[in-house]
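One structure is given below, encoded as C-alpha cells.
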Number of protein chains: 2
Amino acid sequence: MNKFIPALFLFAFGLIAEAQEITSPDKNLTLKFSLIQNGVPSYELNYKNKPVIKSSKLGIETKDIPSFLDGFTIAKVENTTFDESWNPVWGEQKTIRNHYTELLVTLAQKSVKDRIIKVRFRLFNDGLGFRYEFPEQENLTYFVIKEERSQFALAGDHKAFWLPGDFDTQEYSTVTSNLSEVRGKMKEAVTPNASQQTFSDTGLQTPLMMKSKDGLYINIHEAALVDYSCMHLELDDKNMVLNAFLTPDAVGDKGYMQAPTQSPWRTIVVSDKAADILASKLILNLNEPTKYEDVSWIKPVKYVGVWWEMITGKSSWAYNDMTSVKLGELDYSKTKPNGKHAANTAHVKEYIDFASKHGFDAVLVEGWNEGWEDWFGKSKDYVFDFVTPYPDFDVKELHRYAASKGVKMMMHHETSGSIRNYERHMDKAYQFMVANGYNSVKSGYVGDIIPRGEYHYGQWANNHYLYAITKAAEYKIMVNAHEAVRPTGLSRTYPNLIGNEAARGTEYEAFGGNNADHTTILPFTRLMGGPMDYTPGIFQTKVSAYNPDNNSFVHTTLVKQLALYVTMYSPLQMAADLPETYNKHLDAFQFIKDVAIDWDETNILEAEPGDYITIARKAKGKNEWFIGGITDENARVGNINFDFLPKGKTYEVIIYADGKDAHYEKNPQSYAIKKMKVTSKTNLKQQMAPGGGFAISIKEVVK
Amino acid sequence: MNKFIPALFLFAFGLIAEAQEITSPDKNLTLKFSLIQNGVPSYELNYKNKPVIKSSKLGIETKDIPSFLDGFTIAKVENTTFDESWNPVWGEQKTIRNHYTELLVTLAQKSVKDRIIKVRFRLFNDGLGFRYEFPEQENLTYFVIKEERSQFALAGDHKAFWLPGDFDTQEYSTVTSNLSEVRGKMKEAVTPNASQQTFSDTGLQTPLMMKSKDGLYINIHEAALVDYSCMHLELDDKNMVLNAFLTPDAVGDKGYMQAPTQSPWRTIVVSDKAADILASKLILNLNEPTKYEDVSWIKPVKYVGVWWEMITGKSSWAYNDMTSVKLGELDYSKTKPNGKHAANTAHVKEYIDFASKHGFDAVLVEGWNEGWEDWFGKSKDYVFDFVTPYPDFDVKELHRYAASKGVKMMMHHETSGSIRNYERHMDKAYQFMVANGYNSVKSGYVGDIIPRGEYHYGQWANNHYLYAITKAAEYKIMVNAHEAVRPTGLSRTYPNLIGNEAARGTEYEAFGGNNADHTTILPFTRLMGGPMDYTPGIFQTKVSAYNPDNNSFVHTTLVKQLALYVTMYSPLQMAADLPETYNKHLDAFQFIKDVAIDWDETNILEAEPGDYITIARKAKGKNEWFIGGITDENARVGNINFDFLPKGKTYEVIIYADGKDAHYEKNPQSYAIKKMKVTSKTNLKQQMAPGGGFAISIKEVVK
C-alpha cells in the first residue's frame, strides 16, 4: 500500500493550495480554512505555532435535501478586520473591546445548482468563533438538520474538565480526567437527576475546558444559541476528535431552519495562561448588541430569600401534605396545613425586615403559589397558574410592606417543565407581577419537558426560554431561569436575562455536596456563557443544623462562601443562608453587604482550573475594589499583587480569612477578619484552608 | 379436550351469577355487565333480543402501575333512572329529553390494595353510553394510559360505512363494505392528505356506522372527549371484534391522567330504523350542560365568504409569489403582488354588499393576513401572527363598511398545525377580533402538528382545541374549527363551538370530487358528534368555470346543494359559491336565503345510509318548515308525508326540484321551482335525479 501515499499527498497538497489563512490581531492565533478531499470544508487553528485544532471537517447533514457536507468549491473569500468597544448594561468590566479578523468563505456545491452556504470565522486574540450561514436564495428555503458535522480535532489526549453529555441537565459534578479516560469514567459520572437523557459513553457537555500537556488552555462552547438546538460534543477517543452532537427533538430531528438564517457560533477560547480564559469576552462579543432601546429598568440585584430552608428540608414549598391536587378545584383554606410552609406572610416579613436592614434589593419567595403538593414527576400539564397564592401568603400586604421598607419582591415561577402551561399563563403571570411590585422572576424547569419527548436543550425549549425573556422585557421584568439551557452570551442582546442556573448550584451542597474543587472549575466551564445564580453565602455549612435528617454539608469554609461573590461573577447575587444564621456572624456578613455586583474592571490575579482562582474587581462607578480567592480541597497560599490599584494612593483593606485551623469539613466556620493598609506596590500572601479562600474589600483612605 | 368443557362452563356460570342487568326505559335495550374469567369486566348489549354487542371486555392498560384489566371483584352496584328535558342554545330541536337507566359498578382489584375504579353505563332508548371513572383515592393519583382495552364484539360481519383509522385526518371518502372486506380495501381507501398517519390495515375511525344482516343499525362513537386522546377502532376481522385504539402522543403514550377523572363516554346508538340513528340525541345527552352563564352572544350564523374562489384555484390566499417569507421582517407593500389575491378591500366589499342585500349574517375572508406564501408543509413554527393584514386588506375600513351594512366580519385563523404559535398569539388575536367587529372565527389546522410528533387527535391537541374554545368564550367569540378532532357533542357544554370540519367537506369537490353518496352517509357518521361546516350551496358545479385548469366537478345537482341546508344540520351554514353565480340563479338562491339555521323540531322522514335522507324541520320560533331530500348516484322518489304539520291548517310550499333531465354529472343545473298548497294530510312523491334531491320551504297560509 505504501506506494500510494505520495500520490495521496500530492492530491492533498493540490487542494491545500486553495487554503485561506488569517491571523488574530496580535498574530498569536492562525486560522486556516481549506477544502480537503471531495470538497469537504475544513479548518485548523494554531496558537503560537502550536496546534489547537488540527484539520477538522465542517458541514451540516440535512434531511430531505442534499446535505452541506462535501462537493464544495470556494466561490468567494472576504477578509475584514473589526475593532470597536462597547459598554454592557452590566458586567465584569465597563467597556469591552470587540477586536477580530474575519474570514467569510462562500461555498458552492456543484451538485446543487445555484446553492451556496457561507462559513464565517472571527479570530480574536483570545480565540476563534465560526458559524454557518444560509443566505436567502432561490434553491434554499426550508430545511431540517439531521446533524451538524462540525469537528474539533484535538492535538492530544488533553486533561479535561467534563460533564456527561445530556439533553436535559448539566447538574453533574465535573470529572477531571484525560480525554482517553472519559469512557471509563462515564458510568459513575452520570448521577441521578430530576430529568436526564445521556446519549453516549463519550458524550460531553460544553463549555468543555481542557489543558494540553504543553500547557495550552482550550475551551470549546457556543455563542448566540437562538432558535437552534444546543450543541454537545461526542468524543472520538481513538482520534481525539470532538464531533458536534445536537439535541434532537421528539421525532429525532435536530433543527428546523428557514433561510436566511445561521447556526450559533462555535467558540474555541485558547491561551497559554489560564487567567486569559476567564478574562475572555469572546462569547459576549459574538452575540448581537442589545435589541432593547430602554435598558434603564435592568439593574443588578442582591437578594435574600425564602429558599435554603426548603432546600435543606427544614421547611416546605407545599402548604399541605396532599399527594394530588387540582388547581381551581381545591379550596386550600379548607385543607390541613402541614405546618412547615415557609412562604407565609409573617415569615416573609422577617426576610423583608432583614433585607431592608442590610440593604438588599429584593426578597425571593418560593412556594408562595398553589400547586406545590404534586408539582414534580407527575408529568402534570396544568401544574401551576402562577397567580394564585396559598391562603397564608398575602400578596397585597407583602407588596405594601416590602414597598414601605424599600425592598422589591422577587417572583418565583417554577414550571415543572410544563412549557405549554407556562406560556398559556405567561402574560397574566407577568401582569400579576407588575401589579404587585415584582420586577424580577426566578423561573424553573425542573423535571421532564412537556410537550413530552422534547428535551430541555432542544430547539423547541430554547425557543421558549428566549420567548420568556423577550416577553418579560415587554413588562420590564428581569429573568433568572433555572434548569434552562446553558447560557451562550445572550445576555448581551437580552440583558434582562440576569441569571441562569444550568449547572450544579449551591443547592447540591444540601443534596450530598459539591466537590471541594467545584467552584474553581465553574468559571472555566459553565460561566463562560454567562452568569450563574449560584446562591452562595451559606455560613451554616452543616445542613443538619436546619434538618437533623440531612447529613449533607457544604464543601467550603465560611470564608470561601464570601470569596464566591467575587470569583463567581453574576449581576444577581443571593445571600442564600437564613437570617438567623447571618445574625450570628454579622462581622463576616459585612462582606456580603459591601461587595459590589456590577463592575468597572476585572483582574484575574491567579487561576488554574480545578485548583484555585483569585480575582480582583473594581466596583462600578466607585473607588472600591473587592478580591476573592478560592482553593480546592488543598490548603494554598494566594499571591495578591495590588498593582491593579491606582498608583500613589493608600487604601484600607478588610481581609476575611480562613482561621488558622479552618477546614471545609472539620472546621468550616473558623475565620479571622483583619484590617490593613495597602498601595499599588503591596504584595500579599494569604493563606487559604483546605476548601477555603479569602475575601478582601478595598477602599481608598479618605484623608 | 372436550371433557373439560363442562367444567369451564360451570366456572363461567359461577361468575355470571354476579352479572348485573339493566333495560332501557322502553325495555328494547338490555345491558348486561359481568365479570368473566380472571375477574375481567365485560358487557353485552341486546336490542329487542338481538345481540348488538356480544360479551366484550372492558379495561385500561397502564404504564408504571398495575393495569385495570383483570382480577376485579364487584364492590358495589348502583342502579338509577334519570329523566329530564333541556333546551340547547341552538340545535335540531327546541327541547331534548335525556332519559336513561344507569348502572354504576364499582370494581375492586384484590392485587392492588384499596384501589377501585367504576364503570358507568347509561342505557337510553336509542343506545348505550359507558365510561370509566377513576375516583379520588389514596392509591390512585397519576397514571399513564398505554391503551384503552374496551371491546365492541359484533354479532356478525356487518355492512359498514368506514374511513381508515388515522391519527391526523378524517378527510377520506367513506368506503361501504362488509367488515370482512376492510383489510382488502384499506390500501385504496387511504388517499393522500395534507397530514395523515394510519396505524393498521383494519384500523377504522368513529363514528362507525354499521348495518347488520338482520336490519339493525349500529353506530359506535364517543361523547365528551375532554383531555383524553381520541378513540379509533382496530377491527379484529377474524372475530368481528372492534378494539379501542387511542391516539398516541410523541413518545407513544396514550393518556396522562390524574384522579379523580374519567374517560370519555363510549357510545353505541342502535335501532332497527335508520331514521332513529339520525334522530338520536344520546351523544349530546352524555355531555355536560353548558358551563357558560351567559349564552346570549351565541347565535347561529349564515354566511358567505371569500373562499371558494381560492379553493377552485381562481384566486389565491397569498399576496405575492415568494416561496419563503419571515413575518415581521418582510415589508409586503414593497413586494410584487401576484394579482390573484382575493382578500382585498374592494373585493371584500362586494361580498359585504351581497351579504347585506340577501340578509346574511357574516362574511368570511380567508387569506387576509400575512404569511400565506409559505404557510403549508414547511413545519414553520412562526407561520402567522393572526393580527397583521396584507397591505391591500384594510381592516378598519372593512369593519366600518360591514357595520354600516349590518353585516359581521368572520375571522379566519389558519394555524398550519403550529399550535404553540397559535396559543402564543391567541389573546392578541381575539382582542384584535373584538376591536375590529369580528364575533366568530374559522380556525384551521392544516398540516402536521407542531410540536412535532404530536397528532391532530392526541390528548395534547385535543386539550388545545378546547383551550381555544374556552379562551374564545372569554371574548364572546364563536369558533368553527377545521381539521380539529371530530366532535363528540361538546357543543352542549361549550355552545360557542358552532362548527367543525373533521371530514371531507365541499372543498374536496374541487380536489377531485366527493362520492355521490357522500352526504347520504355523513349524517350517520361524522355528524353524530356535532355539526359540520360542510359549506354547501355550490351552484356552478363545474369547477373549470372558475379555473380552466381544474377539471373537478361537484357530484350533486344544483338542487341537492339546496337540500343539504336541511339534511346536513348545522347552526353555521355557508352559501359557498360566488356572488356572480348566485346572481344568475336568484330564484334557486331564494331557498338559501329563506332556510332556517336553528330549529324547534326535526322529523327524519326517510333515511338509509348511503342511499337517501329526507328531513323536515320547523324553524325556531316560527311557523315555517323546511324539507330537504337527497339521494345518492341513483334517481329515486322521495316520499314526503306532511303529517308533521299541525292539523287543520293550509300551508304554501315552494318546491325546488331537480329538472326532469337533471343529472349530477351530465346536467346538474337543471331545476324547476313550483308552488303548491299542502295540509298535514298531504302525501307527496318527489322525483330526485341521480345525485339529486329536493328542497321545500313551507309557510302557513295567512288569510
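The values are calculated or read from the model by the stated rules, or taken from the named source; none is laboratory data. What you see is a predicted model; the values in this text were computed from it and never measured. Because the Cβ atoms are built from the backbone with ideal geometry, glycine has one as well, and the counts that use them run over all protein chains shown. Areas reflect the complete protein model, heavy atoms only, side chains present, ligands, DNA and RNA absent. Shrake-Rupley method; radii C 1.70, N 1.55, O 1.52, S 1.80 Å.
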Zone of residue B:21's modelled label, taken as backbone nitrogen in the range B:130-164 under 12 Å from a point 7 Å along Cα→Cβ
none
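Could you compute the FRET efficiency for residue A:580 and residue A:675, with r as their C-beta to C-beta distance and R0 at 30 Å, rounded to 0.05? Intermediate values should be presented prior to the final figure.
Details: r = 27 Å, r/R0 = 0.91.
Here the calculated transfer efficiency is 0.65.
Expected output is a single nm value to one decimal: the length gained when fully extending between residue A:138 and residue A:49, i.e. 0.36 nm times separation in residues minus the C-alpha distance. What is it?
Working: separation 89, 0.36 × 89 = 32.04 nm, distance 4.22 nm.
Full extension of this stretch gives 27.8 nm more.
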Determine the total buried accessible area between chain A and chain B, counting protein heavy atoms only with a 1.4 Å probe; round to the nearest 100 Å².
3000 Å²
Compare each residue of the range B:236-275 in its chain alone against the assembly with all protein chains, and report those whose accessible area goes down by 30 Å² or more; 1.4 Å probe, heavy atoms.
B:250, B:251, B:256, B:258
Go from 0 up to the bin containing the longest alpha carbon distance in the range A:484-572, width 10 Å each, and give me the % of pairs per bin.
17, 47, 27, 9, 1
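Stretched out fully, how many nm does the piece from residue B:353 to residue B:83 gain, at 0.36 nm a residue minus the Cα gap? Before the final figure, lay out each step's value.
Working: separation 270, 0.36 × 270 = 97.20 nm, distance 4.83 nm.
Residue separation times 0.36 nm, minus the Cα-Cα distance, leaves 92.4 nm.
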Pick out, from A:231, A:277, A:200, the residue whose Cα sits farthest towards the positive end of the charge dipole of chain A, with +1 on the Cβ of Lys and Arg and -1 on the Cβ of Asp and Glu.
A:277
The rounded separation in angstrom of the Cα centers of the range B:159-203 and the range B:372-411 is 35 Å
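So what is the accessible area of the range A:297-502 per residue, in Å², with the probe set to 1.4 Å?
Values: 6090 Å² over 206 residues.
With the other protein chains kept in place, the range A:297-502 gives 30 Å² per residue.
With the radius of gyration and the Kirkwood radius both derived from the Cα set of the protein assembly as shown, what is their ratio Rg to Rh? All intermediate terms of the calculation are to be shown ahead of the outcome.
Details: Rg = 36.2 Å, Rh = 35.4 Å.
So for the protein assembly as shown, dividing Rg by the Kirkwood Rh gives 1.02.
Let's see if you can work this out: charge +1 on each Lys and Arg Cβ, -1 on each Asp and Glu Cβ, no other charges. What is the dipole magnitude of chain B about its Cα centre, in debye to the nearest 20? Could you put the intermediate results ahead of the total?
Details: 78 positive and 87 negative charges, 342 e Å.
Magnitude of the dipole: close to 1640 debye.
State the percentage of accessible surface on chain A attributable to carbon and sulfur atoms; use a 1.4 Å probe and exclude ligands, DNA and RNA.
Taking all protein chains in place, chain A shows 49 percent carbon and sulfur surface.
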How large is the dipole of the range B:2-271 about the Cα centre if only Lys and Arg carry +1 and Asp and Glu carry -1, each at its Cβ, rounded to the nearest 20 debye?
820 debye
Longest to shortest principal axis, alpha-carbon extents of chain B, angstrom
82, 66, 49
Using r as the Cβ-Cβ distance of residue B:549 and residue B:400, and R0 as 41 Å, what FRET efficiency do you calculate, to the nearest 0.05?
0.65
For a bin width of 10 Å, list the pair-distance distribution of the range B:2-271 built from all Cα-Cα distances, rounded to whole %.
6, 27, 34, 25, 7, 0, 0
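Please give the net charge around residue B:116, taking every other residue with its beta carbon less than 14 angstrom from that of residue B:116, where Lys and Arg add +1 and Asp and Glu add -1. Can you show the working numbers first?
Numbers: positive: B:76, B:110, B:113, B:115, B:118, B:120; negative: B:78, B:114, B:133, B:136, B:138.
Here the charged neighbours net out to +1.
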Please state the charge dipole magnitude for the range A:563-703, taken about the Cα centre, from unit charges on C-beta atoms (+1 on K and R, -1 on D and E), reported in debye and rounded to the nearest 20.
760 debye
Distance in nm between residue B:345 and residue B:333 label points, each 7 Å along Cα→Cβ, equals 1.1 nm
Tally Lys and Arg at +1 and Asp and Glu at -1 over the other residues with C-beta under 12 Å from the C-beta of residue A:315: what net charge comes out?
0
Efficiency of FRET between residue B:104 and residue B:157 - r from beta-carbon atoms, R0 60 angstrom, step 0.05:
0.95
Measuring label to label, 7 Å along Cα→Cβ, what does residue B:156 give against each other copy in nm, shortest first?
8.7
Where in the range A:436-455 does accessible area fall by at least 30 Å² between the isolated chain and the complete protein assembly, at a 1.4 Å probe radius?
A:451, A:452
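Restricting to DSSP H runs of at least four residues, report the calculated mean residue ellipticity at 222 nm for the protein assembly as shown, -39500 (n - 2.57) per run over all residues, nearest 500 deg cm²/dmol.
Working: 26 runs with 236 residues, N = 1406.
Mean residue ellipticity at 222 nm (helix-derived): -5000 deg cm²/dmol.
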Would you please give the residues with an amide H less than 5 Å from that of residue A:418, counting only those at least 5 places away or on a separate chain, with H modeled from the backbone geometry?
A:450
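Taking only protein heavy atoms into account and a 1.4 Å probe, give the accessible area per residue of the range B:52-147 in Å².
Averaged over the residues of the range B:52-147, the accessible area is 43 Å².
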Among A:160, A:189, A:631, whose Cα projects farthest towards the positive end of the dipole of the protein assembly as shown, with charges put on the beta-carbon of Lys, Arg (+1) and Asp, Glu (-1)?
A:631
Please compute the length gained on full extension between residue A:183 and residue A:623, using 0.36 nm multiplied by the number of residues separating them and subtracting their Cα-Cα distance.
153.4 nm
Would you mind checking the pairs A:326/B:146; B:213/B:281; B:593/B:675; B:380/B:405 and listing those with alpha carbons more than 27 angstrom apart?
B:380/B:405
With the solvent-accessible surface defined on protein heavy atoms using a 1.4 Å probe, which residues belonging to the range B:141-171 display a reduction of at least 30 Å² in accessible area in the multichain context relative to the isolated chain?
B:141, B:142
Measuring label to label, 7 Å along Cα→Cβ, what does residue B:431 give against each other copy in nm, shortest first?
0.7
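Rounded to the nearest 5, what % of DSSP beta bridges with both residues in chain A are antiparallel?
Values: 143 of 169 bridges.
Within chain A, antiparallel bridges account for around 85 percent of the total.
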Charge dipole (the protein assembly as shown, unit charges on Cβ, about Cα centre) - positive-most of B:592, A:367, A:297:
A:297
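Less than 13 Å Cβ to Cβ from residue B:393, Lys/Arg counted +1 and Asp/Glu -1: what total charge do the surrounding residues give?
On the way: positive: B:349, B:396; negative: B:366, B:370, B:392, B:394, B:397.
That sum, taken over residues with Cβ under 13 Å, equals -3.
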Given the C-alpha centroids of the range B:75-101 and the range B:439-494, what is the distance between them in whole angstrom?
26 Å
Using a label point 7 angstrom from Cα along Cα-to-C-beta, what distances in nm, from shortest up, separate residue B:583 from the other copies?
8.6
For chain A: relative contact order, % (alpha-carbon pairs under 8 angstrom, 6 or more apart)
11 percent
Collect residues whose amide H, placed 1.01 Å from N in the peptide plane, falls under 5 Å from the amide H of residue A:638; neighbours closer than 5 in sequence don't count.
A:686, A:687, A:688
Would you mind computing, in nm to one decimal, how far apart the modelled labels at residue B:661 and residue A:376 are, each placed 7 Å from Cα along Cα→Cβ?
8.2 nm
Once the principal axes of the Cα atoms of the range B:297-502 are found, what is the range along each, listed largest first in whole angstroms?
42, 39, 30
How far apart, in nm, are the 7 Å Cα→Cβ label points at residue B:214 and residue B:97?
2.7 nm
